[in-house]
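Below: one structure, written as structure tokens.
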Amino acid sequence: MSNPVSDLVAGFQDLVAQMPDLVQPLVVALAGAVPFIEGEGAAAIGVVGGIHPVVAAIAGAAGNFLCVAVVVLATARVRTAVTTRAGAAEKAPSARSEKFQKAYHRYGTPGVSLLGPLILPTQFTAAALKGTGVPTRTVLFWQGAAIVLWTTLVTLIITGVIAAAS
């Protein structure tokens, strides 16, 4: 039985290999917008596909960040609609929501943003942060920092592994 994420990664790698050089970064950016692939996975796909590591990292991070920005802005609108609705009923928080709140209170926005990719896609973390009322600019800043950090780290590792194997 195949893993859907592995199949998706393999599909993106094949697509990168088949595209003209100018279009390859766009495919990497598209991969970066996919949860669980993220900027770091997209950059790895690009580097393995033969794209220059800097171009792959920038494209992957840009695709990831653009998707996160859309999620944050949409979540902000939903949150505003829900919180301003007259007579909005309070519902009991779920176990997952309580777990997120506990992590948020312990690590704050920077910690949750920077450590979040180890557990959840940035899109999910960003939506959760915005849903708890963290200002949009703060969420975007820390999610951007996390995306750049993790994408750079993975790009350097993949580039080093490929160089060592050559």
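Rule-based calculations on the coordinates, nothing more; no lab input. It should be emphasised that the depicted structure is a prediction, and the values quoted were computed from it without experimental measurement. Neighbour counts are summed over all protein chains in view; Cβ atoms, including those assigned to glycine, are modelled from backbone coordinates with ideal geometry.
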So what's the back-of-envelope 222 nm ellipticity for the chain, counting only DSSP H runs of four-plus at -39500 (n - 2.57) apiece and dividing by all residues, rounded to 500?
-26000 deg cm²/dmol
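For the chain, what does the relative contact order come out to in percent, with C-alpha contacts under 8 Å and a separation of six or more?
25
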Can you tell me the FRET efficiency between Ser94 and Val70 if r is taken as the Cβ-Cβ distance and R0 is 35 Å, rounded to the nearest 0.05?
0.90
At 0.36 nm per residue, and after removing the present C-alpha to C-alpha distance, how many nm does the segment from Asn3 to Leu149 gain when stretched out fully?
49.9 nm
Taking θ as phi - 60°, what are the ³J(HN,Hα) couplings along segment 151-166 by the Karplus curve (6.51, -1.76, 1.60), each to the nearest whole Hz, with x for Gly and Pro?
5, 5, 4, 5, 4, 5, 5, 4, 4, x, 5, 5, 5, 5, 7, 7
Expressed in nm to one decimal, what extension gain is obtained for the pair Ala17 and Ile157 from 0.36 nm per residue of sequence separation less their Cα-Cα distance?
48.3 nm
Would you mind working out the magnitude of the charge dipole of the chain relative to its Cα centre, with +1 at each Lys and Arg C-beta and -1 at each Asp and Glu C-beta, to the nearest 20 Debye?
900
Just name one of Leu15, Cys67, Val5: the one whose Cα is farthest towards the positive end of the charge dipole of the chain (beta-carbon charges, Lys/Arg +1, Asp/Glu -1).
Cys67
Report the normalised scattering of segment 1-159 as log10 I(q)/I(0) at q = 0.09, 0.12, 0.13, 0.18 Å⁻¹, calculated by the Debye formula with identical scatterers on the alpha carbons.
-0.33, -0.55, -0.63, -1.01
Applied in sequence order to segment 17-29, the curve 6.51 cos²θ - 1.76 cosθ + 1.60 (Karplus, θ = phi - 60°) yields integer Hz couplings, x standing for Gly and Pro, of 4, 8, 8, x, 3, 5, 8, 4, x, 5, 5, 5, 4
Spelling out what I want: for every residue of segment 130-136, take phi, set θ = phi - 60°, compute 6.51 cos²θ - 1.76 cosθ + 1.60 (Karplus), and round to whole Hz; glycine and proline get x.
5, x, 8, x, 5, x, 3
Work out which trypsin sites (Lys or Arg not before Pro) in the chain are exposed loop sites (DSSP not H, G, I, E or B, at most 13 other Cβ within 10 Å) and give the longest gap free of them.
1-84
Note on segment 1-41: alpha-carbon gyration tensor, axes a ≥ b ≥ c; rule is a/c under 1.5 for rounded, else prolate if a/b larger than b/c, else oblate; result oblate
